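Asks: The structure under discussion is supplied below as structure tokens; questions concerning it will follow.
The values are calculated or read from the model by the stated rules, or taken from the named source; none is laboratory data. Everything numeric in this text was worked out from a predicted model, so none of it was measured. Counting neighbours? That spans all protein chains shown, and the Cβs are built from the backbone with ideal geometry, glycine included. The area values use the complete protein model at the heavy-atom level, side chains included, leaving out ligands, DNA and RNA. Shrake-Rupley method; radii C 1.70, N 1.55, O 1.52, S 1.80 Å.
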Amino acid sequence: PFEPFQIDVQILDDSNNYNWVMFRGKVVEFTATGEPLRMVGTVSYVSAQKIFQKEFTIYEEMIKQNQSAILFLSMSGTIEFVNNTTTTWLGYRKYEILEKHISFLLVNNNAEKLLAENYRGVEQLITQSGSYLMAQVATSMLRLEGETIGYVLKKNSWKKNLRFLK
């Protein structure tokens, strides 16, 4: 009947700023009749986490809904993320692309030049149907706290006069 709880609330401080605070607690001792006798818990300041989560959600949605094809590659070239535009234009479902090496999508199977900072060039990509799609792509390094964690491969816009070579 007395389950552990967690609740996030906003509290107005002396400077008229709202701050997020998280309360967690649970009853640890009961009376002989089953009434709560002793409870333990914590109070944590979580404003920074709330702000980060909100920003992360906004950025994630911006990438997902972006009209540019965007892929995130690990340092070794494994595809870790693709947005909806990528899957729409290439015809793959996400599970058919994720965790595969980027060379899987390249006609020449050579991803070496893509796995470099600030690569700009035209690549032939293989669609799910087996057609070849000419795409002008750009690669940039993605860094987190100064450490390079992967590559962002972006196709800025799809032309109406796409050339299918196969």
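Asks: Hey, can you tell me all the residues within the stretch 125-157 that are open to solvent by less than 30 Å² (accessible area, probe 1.4 Å), β-branched (V, I, T) and touching a residue at least 24 places away in the same chain (Cβ under 8 Å)?
Replies: Listed by number, the residues that qualify are T127, T139.
Conditions (1) in contact with a strand residue (DSSP E or B) (Cβ under 8 Å, 6 or more places away or on another chain); (2) closer than 30 Å to Y18 by Cβ; (3) of a type outside the set (F, W, Y), marked per residue:
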{"position": "K50", "(1), (2), (3)": "yes, yes, yes"}
{"position": "S76", "(1), (2), (3)": "yes, no, yes"}
{"position": "F81", "(1), (2), (3)": "yes, no, no"}
{"position": "T86", "(1), (2), (3)": "yes, no, yes"}
{"position": "E99", "(1), (2), (3)": "yes, no, yes"}
{"position": "S103", "(1), (2), (3)": "no, no, yes"}
{"position": "V107", "(1), (2), (3)": "yes, no, yes"}
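Yes/no per residue for (1) open to solvent by 100 Å² or more (accessible area, probe 1.4 Å); (2) under 29 Å from K154 (Cα atoms); (3) in contact (Cβ under 8 Å) with a residue 24 or more places away in the chain:
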| position | (1), (2), (3) |
| --- | --- |
| A48 | no, no, no |
| Y59 | yes, yes, no |
| N66 | no, yes, no |
| I70 | no, yes, yes |
| S74 | no, yes, yes |
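Asks: Something else: When the residues of the stretch 77-93 are narrowed to those that are at pLDDT 90 or above and open to solvent by 70 Å² or more (accessible area, probe 1.4 Å), which ends up farthest from L133 (Cα to Cα)?
Replies: E80
Asks: Out of (1) surrounded by 10 or more Cβ atoms within 10 Å (Cβ to Cβ); (2) outside any strand (DSSP E or B), the odd one out for S15 is which?
Replies: Single failed check for S15: (1).
Asks: The conditions are (1) within 19 Å of A138 (Cβ to Cβ); (2) in a loop (DSSP other than H, G, I, E, B); (3) polar (S, T, N, Q); (4) more than 18 Å from the chain's Cα centre (by Cα), and Q67 fails exactly one of them. Which is it?
Replies: Answer for Q67: the failing condition is (4).
Asks: On to the next question. If a residue has to be under 23 Å from the mean Cα position of the chain (by Cα) and crowded, with 16+ Cβ neighbours inside 10 Å to count, how many in the stretch 107-124 make the cut?
Replies: The total comes to 4.
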